[in-house]
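Reviewing the structure listed below.
The values are calculated or read from the model by the stated rules, or taken from the named source; none is laboratory data. Source: prediction; values computed, not measured. Counting neighbours? That spans all protein chains shown, and the Cβs are built from the backbone with ideal geometry, glycine included.
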Amino acid sequence: MKKISIACLMLVCGGCSFKSPPPPAQTVHYQCGTTPLTVTVLTDPQQAKLILDGRQLSLPQVASTSGKQYSDGQYVLLTQGDRAFVQRGEKIVIDDCVTADRSGK
């Protein structure tokens, strides 16, 4: 009987530590001046998907000192809070992006 009680207690306590998994994807709409930008952020694997220059880009998350940074070696997406910018090579190609719900549009 004692073994059954301990087993039940372990099952109940095991359920207490259960965390719900993160959402598989989150879509963020940015307004970059007059240009809209939609980014889908995936959690497994951690990457950002967006359409730029007529191409579907999948940028894996890379280390960043602040915010979140995604890069495939050619394109870089940097997000911090409700702001973002996109860089191609050494040149910023989309700047001044603000999440659409914060841009007032």
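Each row is one residue, and each column tells you yes or no for (1) out of contact with any Leu (no Cβ under 8 Å at 6 or more places or on another chain); (2) small (Gly, Ala, Ser); (3) loosely packed, with under 11 Cβ neighbours inside 10 Å; (4) more than 22 Å from Thr43 (Cβ to Cβ).
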residue	(1), (2), (3), (4)
Leu59	no, no, no, no
Ser66	yes, yes, yes, no
Tyr70	no, no, no, no
Val76	no, no, no, no
Asp82	yes, no, no, no
Gln87	no, no, no, yes
Asp96	yes, no, no, yes
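How many residues does the range 43-57 contain that are at pLDDT 95 or above and under 12 Å from the mean Cα position of the chain (by Cα)?
4
Quick one: what pairs do we get from the range 15-37, first residue over 13 Å from Asp96 (Cα atoms) and of a type in the set (Gly, Ala, Ser), second modelled with pLDDT of 70 or more and surrounded by 10 or more Cβ atoms within 10 Å (Cβ to Cβ), C-beta under 6 Å, 6+ apart or different chains?
Ala25/Thr40; Ala25/Leu42
Output the residue which, of all residues in the range 64-86 that are among the aliphatic types (A, V, I, L, M) and more than 13 Å from the chain's Cα centre (by Cα), is farthest from Pro36 (Cα to Cα). Even if it seems obvious, please write down each step before you answer.
Of all residues in the range 64-86, those among the aliphatic types (A, V, I, L, M) come to 76-78, 84, 86.
Imposing the further condition that a residue be more than 13 Å from the chain's Cα centre (by Cα) reduces the set to 76, 86.
Values: Val76: 17, Val86: 13 Å.
The qualifying residue farthest from Pro36 (Cα to Cα) is Val76.
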